[in-house]
Amino acid sequence: MSDKLRDRQLYEQMKSKHVGVGNADTTREEFISNMKRDTYATLISHSSLLDHLSVSLNKPKRLLHSEMIDKMAKPLANVHKANDGK
């Protein structure tokens with residue numbers, strides 16, 4: 001019985017730590033949306049990653065910053081368009 005309780009507590013702890021991963025009821029679209037938002041947030045918050053991306057795409061850092069914030073607001077638009085074509 002204590003193993004089940006310990007497993008449940010560990011699961012709840014990991015679930016609270018990694019909210020964006022979801023659970024068994026998370027749909028594919030929700031999972032993709034969470035991963036995209038997490039990726040954009042990481043790129044925006046780490047200046048060195050944004051610098052690297054700016055140089056590799058040959059775009060100003062401020063422009064990339066604003067584009068990623070816009071993409072964070074509408075991450076599912078591309079997923080819905082891709083599913084309509086199938």
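If the cut-off is a Cα-Cα distance under 22 Å, which lysines reach Lys74, setting aside same-chain residues fewer than 8 apart in sequence? Once the sequence-local lysines are set aside, what remains near Lys74 is Lys36, Lys59, Lys61, Lys86.
Simple spin-label estimate for Ser56 and Ile32 gives 2.1 nm between the two label positions (7 Å along the Cα-to-Cβ direction from each Cα).
We did not get these values from a lab; they are worked out from the coordinates using the rules stated. What you see is a predicted model; the values in this text were computed from it and never measured. Note: ideal-geometry Cβ built from the backbone for every residue, glycine included; neighbour counts use all protein chains shown.
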